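For reference, the structure is listed below as structure tokens.
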Amino acid sequence: MSEYPSIFRVRQTFERPIVEDIPAEVAAQLAKLDLKQTVQPGQSVAITAGSRGIANIHLIIKAVVDHFKGLGAEPFIVPAMGSHGGATAEGQQKIINSYGITEEFCGCPIRASMETVVVCEAAEGFPVHFDKHAFGADHVVVCGRVKPHTGFVGDIESGLMKMMLIGLGKYNGAKIYHRAIKDYTFGQIVRSVAREVLAKCRVVAGVAIVENGYDETARIQAVAPSEFEDREKELLVLAKGWMPQLPFKQADILLIDEIGKNISGTGMDTNVVGRKYLDHRAHDDEFPKIRSIVIRGLTHETHGNATGIGLSEFALTRAIDIMDQHITRTNCLTGGHSTGAMIPLHYASDRDVLDVALPQSGLTDPIDAKLMWIRNTLEVAEVECSAAYFEEAKSRDDLEILTDLRPLPFDDSGLLPAVSEVGEPVGGK
């Protein structure tokens, strides 16, 4: 193919609430719960750490540890991430270590295990699993980010309630809960299991985190167990309002430099790319509508877990080569989303990918195709866009044009650089 669309960079403006002093805010929030009335000196406290790359998560976890140390308790950290890390204790500890959550930094032990205790049977007739170390603790603190789920819709989606199921249920729990969700609904199962966990597993508090559209900590809220559901509903409304989004509602091609479990449960956030309901196209009422997604690589932090790559149509062969198929398949099968592990058509270079992807855009000439290019679905404040969007971008007050139009910067091998390395801003709106 001789002609490719030219590109320019735009900067989006999102609402930007931010927590300036992470440790101080964690301490202030937990102080509101007056936990010294419940937690006695010498008692053990299990604190959850999940697999998502939450902004400042190491600082947040350390601040939670410090608070309970200040009460004279003996905190420890439990990896809480279902089947991630290859469904092994070593793999799960490696994930949280890569986020800076280490025994040295946090000043307390990390107790990683895939063993669970069957707490009881849920009303729907399946066993309720709970991490053995957390179950053996005097108290449990559930710490996690509240955000829209990548596959389920409701007033409760991804957050503290889900952490009590999938995270602390480990591989055994995650398997049975995802099976149950197929027969019932996410909302029913999350409430059913959470009800049992709150009643039987000594949960003393939750620490809920909400991020803004710039992948920054926007809100930290300590939550009493009796208020988990009500507070999470409120925080989910905030999270949806602060959710980042692509600058345009339709694209022929979306290039994504990296996907990974630290970015999203599906590697790329389906709420951002418009694939929450269907694997390869947007639902009728869903936006953006993207014809072809191209995955260029995996994050280092995902450790080969390419869950979600099957939602894309194309990929670079290098992304497939570093994919750990066992870990990816285990995660996708446990979550009941086998297609998420399927391998897309892949090619050695970006030029090769675009040569096959651009003609999939119907009768539009390749040079006029609507193309967007991002690093990952957490970082969309600045986006490379093709010339087809230029006139619209000039007319919008929420977009700042940062560069002139310029050609796609292929190297001699037909590869593009990382999107962050594409040209310095030279223009202005």
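The values are calculated or read from the model by the stated rules, or taken from the named source; none is laboratory data. Note that the structure is a prediction, hence the values are computed from the model and not measured. Backbone-built Cβ (ideal geometry, glycine too); neighbour counts: all protein chains shown.
Quick look at the numbers
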| item | result |
| --- | --- |
| Scan of the stretch 19-34 for residues that are surrounded by fewer than 22 Cβ atoms within 10 Å (Cβ to Cβ) and not in a loop (DSSP other than H, G, I, E, B), ordered by number | 22, 23, 24, 25, 27, 28, 29, 31, 32 |
| Residue in the stretch 203-214 that is polar (S, T, N, Q) and closer than 21 Å to residue 119 by Cα present | no |
| Any chance residue 281 is charged (D, E, K, R), in contact with a strand residue (DSSP E or B) (Cβ under 8 Å, 6 or more places away or on another chain), surrounded by fewer than 16 Cβ atoms within 10 Å (Cβ to Cβ) and within 20 Å of residue 245 (Cα to Cα) | yes |
| Residue satisfying condition, being under 27 Å from residue 229 (Cα atoms) and without any contact (Cβ under 8 Å) to a residue 40 or more places away in the chain, within set 109, 127, 79 | 79 |
| From the options 73, 28, residue that is in contact (Cβ under 8 Å) with a residue 24 or more places away in the chain, under 15 Å from residue 205 (Cα atoms) and among the hydrophobic types (A, V, I, L, M, F, W, C) | 73 |
| Residue in the stretch 281-296 that is part of a loop (DSSP other than H, G, I, E, B) and outside the structural domain of residue 370 (by TED's automatic domain parsing) present | no |
| Residue in the stretch 157-171 that is in contact with a Lys or Arg (Cβ under 6 Å, 6 or more places away or on another chain), buried (at least 16 other Cβ atoms within 10 Å of the Cβ) and either at positive phi or in a strand (DSSP E or B) (or both) present | yes |
| Strands (runs of 3 or more DSSP E) fully within the stretch 314-429 counting 2 or more residues that are outside the structural domain of residue 166 (by TED's automatic domain parsing) and of a type in the set (A, V, I, L, M) | 314-316, 371-374, 399-401 |
| Considering residues of the stretch 334-382 that are within 19 Å of the chain's Cα centre (by Cα) and β-branched (Val, Ile, Thr) only, the residue farthest from residue 7 (Cα to Cα) | 334 |
| Residues satisfying the stated conditions in the stretch 223-242, i.e. out of contact with any Asp or Glu (no Cβ under 8 Å at 6 or more places or on another chain) and outside any helix (DSSP H, G or I) | 224 |
| Any chance residue 220 is in contact with a helix residue (DSSP H, G or I) (Cβ under 6 Å, 6 or more places away or on another chain), part of a strand (DSSP E or B) and not charged (D, E, K, R) | yes |
| Selection count, the stretch 127-136, where residues are within 18 Å of residue 82 (Cα to Cα) and surrounded by fewer than 19 Cβ atoms within 10 Å (Cβ to Cβ) | 2 |
